[in-house]
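The values are calculated or read from the model by the stated rules, or taken from the named source; none is laboratory data. All values reported here derive from a predicted model rather than from experimental measurement. Methodologically, a virtual Cβ is constructed for each residue, glycine included, from the backbone with ideal geometry; neighbour enumeration extends over all protein chains shown.
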């Protein structure tokens, strides 16, 4: 376990609570998300092998878990992104299209 100056308070042998504060400059992340959202490829990579749909700073991730979001559950992550659209790199998560691949 890493101990640092953030105020880690031990509750037991394997449990701890972060009692300090963490600050992070989110402006570069938000600017990059905006640029990617305005890009025509809609989050897909150059060869369309993967799609980046969001970039959430670690501080926002920790705040979301403190607010009761289960960030390991895709439904809660989607709900978080709907409520915080600045972290999204795409216009919307659901396109309304069929998930099946159509080859002609």
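On inspection, residue 14 fails the criterion of being assigned to a loop (DSSP other than H, G, I, E, B), modelled with pLDDT under 80 and within 14 Å of residue 88 (Cα to Cα). Restricted to segment 48-86, and to residues there that are exposed (fewer than 12 other Cβ atoms within 10 Å of the Cβ) and part of a loop (DSSP other than H, G, I, E, B), the residue that is modelled with the lowest pLDDT is 48.
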